[in-house]
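The next block holds one structure in the form of structure tokens; read it before the comments.
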Ligand SMILES: [Zn+2]
Ligand SMILES: [Zn+2]
């Protein structure tokens, strides 16, 4: 008999998932109900804005932070101090958005300085692909 994890209160489930690193959480995120994933990001990573939480969940699923369409070929990582997720110990998770949303078309490895599409602050865009 398997342990009835999903019958525990949602905050306890989140507390347990909180022992995973965000990268481990991302790896198994397709198995986790969205409510629980949102609650976990809120409770364990202290993200209070649900729009931001949904953006990160989009990124977990390899979809654009903003429009939730699949990220294909080359897309942009926004290196923005406001919109990144500081995980401590020099590990930071940055939002990834499609080039349509960012309106910045650039090649892989190319850096552009521009207004952050999410918070409008000055930031850096890095062109990346899943193969970089
Ligand atoms: Zn997009
Ligand atoms: Zn930003």
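Does residue 128 meet the test of being under 24 Å from residue 44 (Cβ atoms), in contact (Cβ under 8 Å) with a residue 40 or more places away in the chain and either out of contact with any helix residue (DSSP H, G or I) (no Cβ under 7 Å at 6 or more places or on another chain) or within 16 Å of ligand 1 (Cβ to nearest atom) (or both)? Talk me through it step by step, then tell me what you get.
Numbers: under 24 Å from residue 44 (Cβ atoms): no; in contact (Cβ under 8 Å) with a residue 40 or more places away in the chain: yes; either out of contact with any helix residue (DSSP H, G or I) (no Cβ under 7 Å at 6 or more places or on another chain) or within 16 Å of ligand 1 (Cβ to nearest atom) (or both): yes.
It is false that residue 128 is under 24 Å from residue 44 (Cβ atoms), in contact (Cβ under 8 Å) with a residue 40 or more places away in the chain and either out of contact with any helix residue (DSSP H, G or I) (no Cβ under 7 Å at 6 or more places or on another chain) or within 16 Å of ligand 1 (Cβ to nearest atom) (or both).
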Any chance residue 58 is under 19 Å from residue 42 (Cβ atoms), assigned to a helix (DSSP H, G or I) and out of contact with any strand residue (DSSP E or B) (no Cβ under 7 Å at 6 or more places or on another chain): yes
Pairs where the first residue, in the range 1-20, is loosely packed, with under 14 Cβ neighbours inside 10 Å and the second is in a loop (DSSP other than H, G, I, E, B), C-beta under 8 Å, 6+ apart: 6/33; 16/8
Top-ranked residue in the range 92-115 [being within 14 Å of ligand 1 (Cβ to nearest atom) and part of a loop (DSSP other than H, G, I, E, B); ranked as nearest to residue 50 (Cα to Cα)]: 95
Failed condition for residue 56, given (1) more than 11 Å from the chain's Cα centre (by Cα); (2) assigned by TED's automatic domain parsing to the domain that holds residue 26; (3) within 16 Å of ligand 2 (Cβ to nearest atom): (1)
Residue within the range 68-85 that is more than 14 Å from ligand 1 (Cβ to nearest atom), closer than 30 Å to residue 5 by Cα and under 13 Å from the mean Cα position of the chain (by Cα) present: yes
Of residues in the range 62-91 being more than 19 Å from residue 42 (Cα to Cα) and not in a loop (DSSP other than H, G, I, E, B), the one nearest to ligand 2 (Cβ to nearest atom): 78
Test result for residue 45, in contact (Cβ under 8 Å) with a residue 40 or more places away in the chain and surrounded by fewer than 19 Cβ atoms within 10 Å (Cβ to Cβ): yes
Sole exception among (1) over 13 Å from the mean Cα position of the chain (by Cα); (2) within 16 Å of ligand 1 (Cβ to nearest atom); (3) more than 19 Å from residue 131 (Cα to Cα) for residue 19, by number: (2)
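The values are calculated or read from the model by the stated rules, or taken from the named source; none is laboratory data. Computed from a predicted model, the values in this text were never measured in an experiment. Ideal geometry is used to build each Cβ from the backbone, glycine not excepted, and the neighbour counts take in all protein chains shown.
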